[in-house]
Amino acid sequence: MAPPTRIGLAGLAVMGQNLALNIAEKGFPISVYNRTTSKVDETVERAKQEGDLPVFGFHDPESFVQSIQKPRVIIMLVKAGAPVDQTIKTLSKYMEKGDCIIDGGNEWYENTERRAKAMAELGLLYLGMGVSGGEEGARNGPSLMPGGSFEAYKYIEDILLKVAAQVPDSGPCVTYIGKGGSGNFVKMVHNGIEYGDMQLIAEAYDVLKSVGKLSNKELHCVFSEWNKGELLSFLIEITADIFGIKDDKGDGYLVDKVLDKTGMKGTGKWTVQQAADLSVAAPTIAASLDSRFLSGLKEERVEAAKVFKSGGLGDVLTEQTVDKARLIDDVRQALYASKICSYAQGMNLIREKSIEKGWDLKLGELARIWKGGCIIRAIFLDRIKKAYDRNPDLANLLVDPEFAKEIIDRQSAWRRVVCLAINSGISTPGMSSSLAYFDTYRRERVPANMVQAQRDYFGAHTYERIDMEGSFHTEWFKLNEIILVP
């Protein structure tokens, strides 16, 4: 009989398989299990082909659990919701006090907190661990966000430190996030920031293509060039790659044949809902979600285009002659400035939740573990980490002295791009809402006094004054009558 393995993994879809192979490759013998047993055999076969890695497959849950050394640690990578509860039920039957279950899926953080309580009653430890980086990251080094039982984290810290992406100047992209469902919450907001990032890049592409008339070849060069500077990131890199890929089923470039309809799994929606619950403004992330909703109305948009074309409205309203080189530079600056706003919103959301739940999350440390492995990895995250190193209580990334200077330097270009897009009838909801966020945040006085006056007028909601303490209510209607009567 084989000696017990160090860890187990249940759920062998692409992410699960890749993470299991990554763990085995780092020298940790691993047991694997899947309800559909063909997946188990497939994983064991891959392990053989990829260097005879120590992966041991089991077709039934009992022998799977028994094969792992005590205290047992099992990672689940199954679909969020009911399948997680089902897997826990199946496995916990054979587990003993002190054993640990880790959910590596994109789970709603409150579900993790509920399960942790239920597990604790059985004497089991529980972790909710965000895993970012897609299948490539899972295989070669993801960004890992474990939250929950610190004791459980300590069981497998040595594994996670080796399995996570390694960044030369800042170490492995994993840290103990905090208590409860904090690991899932942080991963959720990471995904919300990712929505914002992707939308902003799509808008940059749209302006350059629709107004600047850049070809895919030119766009490939532009994004490749951008990926050498301040925008250096995984998403800019893959965008450059996408522009270079010819259609394998026809003429031209593949990107032009992809249907303009975006799917979503739900984490972006959760992020926007949480922002609303916590009264945190996250307009860039919300705009990216709205854009996905609108993209889904493909048939309606096709009909609307006909209506407005017959009324004389083309795709692009004004065929403006633009200086390509200047436009490319302006769009680069607008993209960077908008991106700062998107990350600022995400960080504020994490901070507010941390305060509400008493999680004591370290924002600079989150920026550090996102520097490698994950989808939003970018050189820019190092700047965010340093901003929080300089001031852990930073109210907003926008007011960090370095980021403030960068935004001031770029705001003219940013405004030019948004104005050009608006005048051309090209929607840039992400860039526009980022700019509106910045312009609202930097103003000492905003027109909220009018909204508050309206609220008091029709609903007696009261208001505060700038010149004296206290709460006031005015009979605006009666005063209005007095003023109007001669």
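Here are the numbers for the structure shown:
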item: His59 accessible area, assembled protein chains, probe 1.4 Å, Å²; result: 100 Å²
item: Cα-centre dipole for segment 187-442 with unit charges at Cβ (Lys and Arg positive, Asp and Glu negative), debye to 20; result: 240 debye
item: Net charge contributed by nearby residues that have their C-beta within less than 11 Å of Glu475 (K/R +1, D/E -1); result: -1
item: Highest average packing first - 300-306, 148-154, Cβ atoms within 10 Å; result: 148-154, 300-306
item: Percentage relative contact order, the chain, counting C-alpha pairs under 8 Å, at least six apart; result: 13 percent
item: Heavy-atom accessible area ranking, 1.4 Å probe, most first, across Tyr336, Tyr205; result: Tyr205, Tyr336
item: Contour excess over end-to-end distance, with Cα ends at Asp241 and Asp439 and 0.36 nm allotted per residue; result: 67.9 nm
item: Fraction of antiparallel bridges per DSSP, the chain only, in percent to nearest 5; result: 35 percent
item: Charge dipole (debye, nearest 20) of segment 279-412; +1 at Cβ of Lys and Arg, -1 at Cβ of Asp and Glu; result: 380 debye
item: Proximal lysines relative to Lys257, as straight alpha-carbon distance under 17 Å, when same-chain residues fewer than 8 apart are discounted; result: Lys209, Lys217, Lys246, Lys249, Lys298
item: Lys70 versus Gln166: modelled label distance in nm, points set 7 Å from Cα along the beta carbon direction; result: 3.4 nm
item: Accessible-area value, Phe234, 1.4 Å probe, nucleic acids and ligands omitted, Å²; result: 50 Å²
item: Net charge, Arg368 excluded, C-beta distance under 12 Å - Lys, Arg +1, Asp, Glu -1; result: +2
item: Debye, to nearest 20: dipole size of the chain, +1 on Lys, Arg Cβ, -1 on Asp, Glu Cβ; result: 320 debye
item: Estimated inter-spin distance, Ser38 and Phe308, nm [label 7 Å along Cα→Cβ]; result: 4.7 nm
item: Order of exposure, largest accessible area first, which applies to Arg351, Arg442, Arg35 with probe 1.4 Å; result: Arg35, Arg442, Arg351
item: Unsatisfied cross-links (Cα-Cα over 21 Å) in the set Lys117/Lys179; Lys154/Lys386; Lys97/Lys357; Lys48/Lys371; Lys261/Lys306; result: Lys154/Lys386; Lys97/Lys357; Lys48/Lys371
item: Surface accessible to a 1.4 Å probe, Val418 within the full protein complex, Å²; result: 10 Å²
item: Angle between the chain longest axis and helix 216-226 axis [Cα atoms, degrees, rounded to 10]; result: 80 degrees
item: Stretchable slack from Glu96 to Ala453, in nm (0.36 nm times residue separation minus alpha-carbon distance); result: 122.3 nm
item: Value at 222 nm in deg cm²/dmol, rounded to 500, when DSSP H runs of n ≥ 4 in the chain each add -39,500 (n - 2.57); result: -17500 deg cm²/dmol
item: Computed lengthening from Arg301 to Gln49, 0.36 nm per intervening residue step minus Cα-Cα distance; result: 85.9 nm
item: Carbon + sulfur, % of accessible area of the chain - ligands and nucleic acids excluded, 1.4 Å; result: 57 percent
item: Computed label-point distance, nm, for sites Arg465 and Leu317 using a 7 Å Cα→Cβ extension; result: 4.4 nm
item: Protein-only accessible surface order, largest first, of Met95, Met264, Met15, Met129 at 1.4 Å; result: Met264, Met15, Met95, Met129
item: Theoretical FRET efficiency, 1/(1+(r/R0)^6), r = Cβ-Cβ of Asp382 and Glu481, R0 51 Å, to 0.05; result: 0.25
item: Accessible area in square angstrom per residue, the chain, 1.4 angstrom probe; result: 48 Å²
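The values are calculated or read from the model by the stated rules, or taken from the named source; none is laboratory data. Quantities reported herein were computed from a predicted structural model and do not represent experimental measurements. Glycine also receives a Cβ, built like all others from the backbone with ideal geometry; neighbour counts cover every protein chain displayed. Calculation scope for accessible area: heavy atoms of the full protein, side chains included, ligands and nucleic acids excluded. Shrake-Rupley method; radii C 1.70, N 1.55, O 1.52, S 1.80 Å.
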